[in-house]
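No value in this document is a laboratory result; all are computed from the given coordinates. The model shown is predicted, which means the values in this text are computed figures rather than measured ones. All Cβ positions, glycine included, derive from the backbone under ideal geometry; neighbour counts span all protein chains shown.
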Amino acid sequence: MKILLVNKFHYRKGGSETYYFALAEALRRAGHQVIFFAMESKKNLPCEQAQYFVTNVEYNGPQGAMAQLKSGLKLLYSHEAKQKFAALLAAEKPDVVHLNLVHRQITLSVVDAAKAAGVPVVFTQHDLICVCPNYTCLAPDGICEDCLKGNFAPCVKKRCVKGSRAKSILAAAEAVLYRMRGSYNKIDCYITPSGFYRDLLQKAGFTKAPIRHIPNFLPGGTVFAPVPCEAQAKLLYLGRLTPEKGLPTLLNALAACPDACLEIAGEGPQRAELEQQAKALGLGERVKFLGFLTGQPLTERLNACRAVVLPSEWYENGPYSVMEALAAGKPVLGSRIGGIPEMVQEGRTGFLFRPGDAEDLAAAIGRLYGLTEEEYQALCRSAAAFAAETFSEEAYLARLLPIYEQLTGKQ
């Protein structure tokens with residue numbers, strides 16, 4: 001088959017792009033042809049279809065309210081994207097279109113082009129934007145499902161999108177437009193990396209199309225085996241330093257665990273605040289901020305850690321940080337929220353704790369360091385075995401390709 005993969009960004013930016021490029025390689029290894037559609041960018045990787053890419057649209061820069069709204073109108077429904085996508089479809093004649101991140105810049109106008117060309121559409125849900133205008137179900141006052149049933153006024157009232165009324169109005173308008181146009185019913189199948197997201201999206205009732213859960217996968221060639229570490233190795237956090245990640249809770253928990261140390265690999269707007277908190281708690285040398293790491297430096301820190309900690313306080317989907325940790329045989333301490341408990345299974349792949357509860361997180365850290373060496377090694381082996389069973393490329397394609405085949409009648 002020929003598969004057209006669609007994503008805003010054609011360069012490695014985050015977890016969605018990790019999936020996008022890994023899926024392309026997996027499909028090619030399975031004997032299929034892959035083509036792409038994305039936004040123009042100087043960061044893009046080389047691509048034969050680049051001539052069809054849509055103009056880069058940016059609405060996150062500093063602008064007044066009216067300027068934001070004017071530029072934002074281009075993000076509701078892109079006629080340019082629709083025209084270029086139609087031209088790409090006519091030139092390449094793909095068998096199936098597989099969407100990833102498309103809202104705001106590419107827009108769902110491409111779905112109309114695909115339907116006009118008679119090409120089926122699959123949509124992987126990396127976030128919750130189909131039911132939540134700010135895509136996280138996280139309002140300024142915490143977890144929020146007020147917009148789930150299709151009333152998007154709360155988004156505007158709470159200024160859920162970057163604290164901006166103008167951007168919140170734009171996001172709510174986009175959500176209303178797609179409901180009015182029936183855009184979500186034009187998609188043939190949705191895929192969610194977590195069962196939690198599948199259940200939440202089904203609860204919202206935003207589409208008549210089937211929603212199927214398939215856990216994300218790690219690229220072919222990934223070694224699923226425990227990596228030895230020192231008995232008192234440090235804990236490791238991987239990810240953005242933002243409020244929804246629950247790092248203040250983690251630092252408070254660490255203060256109650258005098259024998260534990262922590263490395264934080266990541267950058268974000270909360271870094272200065274977290275450094276100040278660590279100093280105020282007297283954590284001193286027990287907490288080290290490594291900044292953003294990638295490639296071999298990140299692999300080295302992962303291999304050297306005792307366990308990875310994910311203290312999120314929002315609806316995580318299927319975090320790659322957890323998948324990569326488990327593949328390396330590293331137990332994960334994860335908050336009991338969103339899709340995390342599907343990967344962090346108590347006593348099998350790590351330990352769970354209540355989100356936002358420093359005392360419960362401290363207890364989980366205590367359980368980890370209280371294991372005998374034999375118990376710890378057994379936990380590491382169990383984590384790697386779970387990852388090999390759940391996150392392999394082969395297992396993913398065995399569930400994805402039948403969906404393509406059902407929609408296209410081809411193999």
Using label points projected 7 Å from each Cα along Cα→Cβ, tell me how many nm separate Glu405 and Thr294, to one decimal. 3.6
Could I have the simple spin-label model distance between Thr242 and Asn56, label points 7 Å from Cα toward Cβ, reported in nm to one decimal? 2.0
If you plug each phi of the range 224-239 into the Karplus form 6.51 cos²θ - 1.76 cosθ + 1.60 with θ = phi - 60°, what whole-Hz ³J(HN,Hα) values come out, in order, with x for Gly and Pro? 9, 7, x, 10, x, 9, 5, 4, 10, 4, 7, 6, 9, 10, 10, x
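Compare the peptides 115-121, 102-108, 182-188 by average per-residue count of other Cβ atoms within 10 angstrom and give them in order, highest first. Numbers along the way, then the final one.
On the way: 115-121: 15.9, 102-108: 22.9, 182-188: 17.6.
So the order, starting with the most tightly packed, is 102-108, 182-188, 115-121.
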Give the Debye-formula value of log10 I(q)/I(0) at each listed q (0.18, 0.20, 0.24, 0.30 Å⁻¹), with one equal scatterer per alpha carbon of the range 289-337, two decimals each. -0.59, -0.72, -0.98, -1.24
List, in order, the whole-Hz ³J(HN,Hα) value for each residue of the range 171-177 obtained from phi through the Karplus relation with A = 6.51, B = -1.76, C = 1.60 and θ = phi - 60°; use x for Gly and Pro. 5, 5, 5, 4, 4, 5, 4
Taking the Cα centre of each part, how many Å lie between the range 234-260 and the range 163-180? 34
Amide H neighbours of Cys261 under 5 Å, counting only residues 5+ apart in sequence or on other chains, H built in-plane at 1.01 Å? Leu235
Highest average packing first - 8-20, 40-52, Cβ atoms within 10 Å: 8-20, 40-52
Round to the nearest 10 and give me the degree value, 0 to 90, for the angle of helix 15-29's Cα axis relative to the longest principal axis of the chain. 70
5 Å binning of all Cα-Cα separations within the range 143-281, expressed as whole percents from 0 upward: 2, 7, 11, 12, 13, 15, 14, 11, 8, 5, 2, 0
Determine the shape class of the range 235-390: with a ≥ b ≥ c the square roots of the Cα gyration tensor eigenvalues, call it rounded for a/c under 1.5, and otherwise prolate if a/b is greater than b/c, oblate otherwise. rounded
If you average the alpha carbon positions of the range 270-303 and of the range 348-364, how far apart do those two centres end up, in angstrom? 20
Near the amide H of Tyr315, under 5 Å away, which other amide H atoms are found, from residues 5 or more places off or on another chain, if H is placed in the peptide plane? none
Residues whose built amide H sits under 5 Å from the amide H of Ile187, excluding neighbours closer than 5 in sequence, are none
Calculated diffusion of the range 75-171, Stokes-Einstein form, Kirkwood radius summed over Cα pairs, 37 °C and 0.692 mPa s, µm²/s: 223
Modelled label-to-label distance, Asn185 and Asp141, 7 Å Cα→beta-carbon offset: nm? 3.4
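Distance check, please: which entries in Lys158/Lys208; Lys13/Lys288; Lys2/Lys93; Lys162/Lys245 exceed 18 angstrom between their Cα atoms? Please list the in-between numbers first.
Numbers: Lys158/Lys208 29 Å; Lys13/Lys288 24 Å; Lys2/Lys93 8 Å; Lys162/Lys245 16 Å.
Pairs exceeding 18 Å: Lys158/Lys208; Lys13/Lys288.
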